[in-house]
Amino acid sequence: MKTCKDMSELWGISERRISELCRLGKIPGAMKSGKQWQIPDDAKHPVDNRIVSGRYVKQDTVDVKKTLPVGISDFVRAQSEYYYVDKTLLIKEILDRKALVSLFTRPRRFGKTLNMDMLRVFFEISDEDTSSYFVDKLIWNCGEEYRKHQGKYPVIFLTFKDVKYDSWNATFAKISELVQEEFGRHLELRNSDKLAEYEKEYFDKILSGRADEVELSSSLQKLSKMLAVHYGKAPIIIIDEYDTPIQEGYSKEFYDEIIGFMRNFFSGGFKDNSYLSYGFLTGILRIAQESIFSGLNNLTVNSVMDEQFDDFFGFTGNEVQKMLAYYGALDKAEEVRDWYDGYIFGNKEIYNPWSVINYLSKGCLPQAYWVNTGKNEILEDVLKTATDDITEKLSSLLQGERVIVKIDQNVVYRSISEDPSNIYSLLLVAGYLKTLRKELQGDGTWLCEVSIPNREISVVYKNEILSHMMQIGAMGRATANKIAESLFAQDTGKLQDGIEEYIKKSISFYDAGSEG
């Protein structure tokens, strides 16, 4: 077998071109070992007259609009084959701030996974020239001080977005599989002359899926050390949607097991790890440090309340205007704003990217695309224990009013059901509320004036909040239908009647529930 370098000398074309042809399947028998392509000795010079740029073929797109990236979280594919909203200045912001470990919390479907994959592609050492994916992006115009970081770090990348199982055993098996796959991306370590035999034995144990819980919990730390020793450069660790299995653990009653494992797993990777250049995590909830990030004093948390990084997750008004202009839908700007705008991240007004993309891909059909993109067991649990004050404030929100609530960003999953007032913190970070005014309190919580962000979320309340109220018996179907119809029709009078009817019935419901 020969390498890309060998074939480059033989065929007289660049190593990068050969790597691209291998990736595109144009060289029969070519196989990837770690980060290197292995090519059969008798391979024939491929004939391919198509224009190739990077990893994907670019078709002739004269007068043909790019496809919208519905559900695409692969950065290389998104920027090559689809309409891509350039968020690469996130890289500049990260390098400027130099936070060792950063946690970004945003609602579901706001581009977290795509951004994390972008960071992976930008920073990761690769046998191909990945700078081609960034030369036409905003980050490339920022200067050599940023370009010099491109392709210079080993990267550990894990996404837990699909770790949704009913038991700890199944969850552990899936996490083990993901770690095993990530070790498989770094097969160059198996033959490294810089690693000790016991390290290679550990590597093979993970790779074969034979590691127990204790051994797996130290895998981040051990892999980061091996990569640092092999490359002479400490790696970047990226954990996407870190809290998905934690939410499942809370809902499915294996919370203690998942918290115990994650505490050790993250501690090894991020706490006092001298083999770490940067660490990035994303999720929906900011889990209190004493719950899972115990002793991790180098953690910088960026939430929907913070001004830093406020325009990198979701679409800004300018980005939506450009998108509408590109697809010839500028006349729909007001409709898009009414349905999908209104989120406030830091000081920026943000559109829901998932909904805007789906709206355009469906021929500008306004509806609630964000419904049922996630699970809401925690919301259900909180609604079951909602007090009269909470139900009254939810009713006010449904009428389009503003309410004053306390927001605690350090909420832990268990405390949500123990203190039902934490529902507002959950609703805010999950994307069901927006902040209009906020004031930091002495205890670290926020006193906020909040409201429903837009028309889509009004429909989401209809489909999720009202249905949960009916399920727990706090609201009859007729009342729920009246409120739902008035929300859709924006009939304030009918809505008021429905709310008053609900409040009367909810008071009697909760009174009855408290007897005996």
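The values are calculated or read from the model by the stated rules, or taken from the named source; none is laboratory data. All figures in this text were calculated on a predicted structure; none of them were measured in a lab. Every residue, glycine among them, receives a Cβ derived from its backbone with ideal geometry; neighbour counts consider all protein chains shown.
Against the definition (under 26 Å from Asn115 (Cα atoms), surrounded by fewer than 20 Cβ atoms within 10 Å (Cβ to Cβ), touching a residue at least 60 places away in the same chain (Cβ under 8 Å) and of a type in the set (Phe, Trp, Tyr)), how does Tyr231 come out, yes or no? The answer is yes for Tyr231.
When Tyr146 is tested against (1) surrounded by fewer than 16 Cβ atoms within 10 Å (Cβ to Cβ); (2) touching a helix residue (DSSP H, G or I) at 6+ places or on another chain (Cβ under 6 Å), only condition (1) is not met. All conditions in (1) surrounded by 22 or more Cβ atoms within 10 Å (Cβ to Cβ); (2) in a loop (DSSP other than H, G, I, E, B) hold for Asp127, with the sole exception of (1).
Set side by side, the residues Arg77, Arg120 differ, and just one is in the same structural domain as Gly269 (by TED's automatic domain parsing) and either outside any loop (DSSP other than H, G, I, E, B) or closer than 30 Å to Lys5 by Cα (or both), which is Arg120. Looking across the stretch 185-199, the residues that are closer than 16 Å to Ser224 by Cβ and in a helix (DSSP H, G or I) come down to Glu188, Leu189, Glu199. Regarding Lys66, is this residue more than 19 Å from the chain's Cα centre (by Cα) and modelled with pLDDT of 95 or more? Judged against the criteria, Lys66 is not a match. Contact map, the stretch 332-346: residues that are not assigned by TED's automatic domain parsing to the domain that holds Ile357 paired with residues that are assigned to a loop (DSSP other than H, G, I, E, B) and of a type outside the set (Lys, Arg), Cβ distance under 6 Å, separation 6+ or inter-chain. No pairs are found.
Among residues of the stretch 196-221 that are in contact (Cβ under 8 Å) with a residue 24 or more places away in the chain and closer than 15 Å to Glu177 by Cβ, those with a Cβ under 7 angstrom from a residue that is surrounded by 12 or more Cβ atoms within 10 Å (Cβ to Cβ) and of a type in the set (Ser, Thr, Tyr), sequence gap 6+ or separate chain, pair up as Ile206/Ser219; Gly209/Ser176; Ala211/Ser176; Leu216/Ser176. Residues in the stretch 84-98 that are in a loop (DSSP other than H, G, I, E, B) and surrounded by 18 or more Cβ atoms within 10 Å (Cβ to Cβ): Tyr84, Val85, Lys87, Thr88. Checking the structure you have, find out if any residue of the stretch 472-494 is among the aromatic types (Phe, Trp, Tyr), over 26 Å from Ser251 (Cα atoms), surrounded by 14 or more Cβ atoms within 10 Å (Cβ to Cβ) and modelled with pLDDT under 75. No; the residues of the stretch 472-494 include none that is among the aromatic types (Phe, Trp, Tyr), over 26 Å from Ser251 (Cα atoms), surrounded by 14 or more Cβ atoms within 10 Å (Cβ to Cβ) and modelled with pLDDT under 75. Here Tyr369 does not qualify as aromatic (Phe, Trp, Tyr) and at pLDDT 95 or above.
Name the single residue that is farthest from Val304 (Cα to Cα) among those in the stretch 400-452 being among the aliphatic types (A, V, I, L, M) and in a helix (DSSP H, G or I). So the residue we want is Ile416. Take the conditions (1) hydrophobic (A, V, I, L, M, F, W, C); (2) out of contact with any strand residue (DSSP E or B) (no Cβ under 6 Å at 6 or more places or on another chain); (3) surrounded by fewer than 22 Cβ atoms within 10 Å (Cβ to Cβ); (4) touching a residue at least 60 places away in the same chain (Cβ under 8 Å); Phe110 misses just one of them, which is (3). For the residues Val179, Val135, the requirement of being surrounded by fewer than 20 Cβ atoms within 10 Å (Cβ to Cβ), without any contact (Cβ under 8 Å) to a residue 60 or more places away in the chain and of a type in the set (Val, Ile, Thr) singles out Val135.
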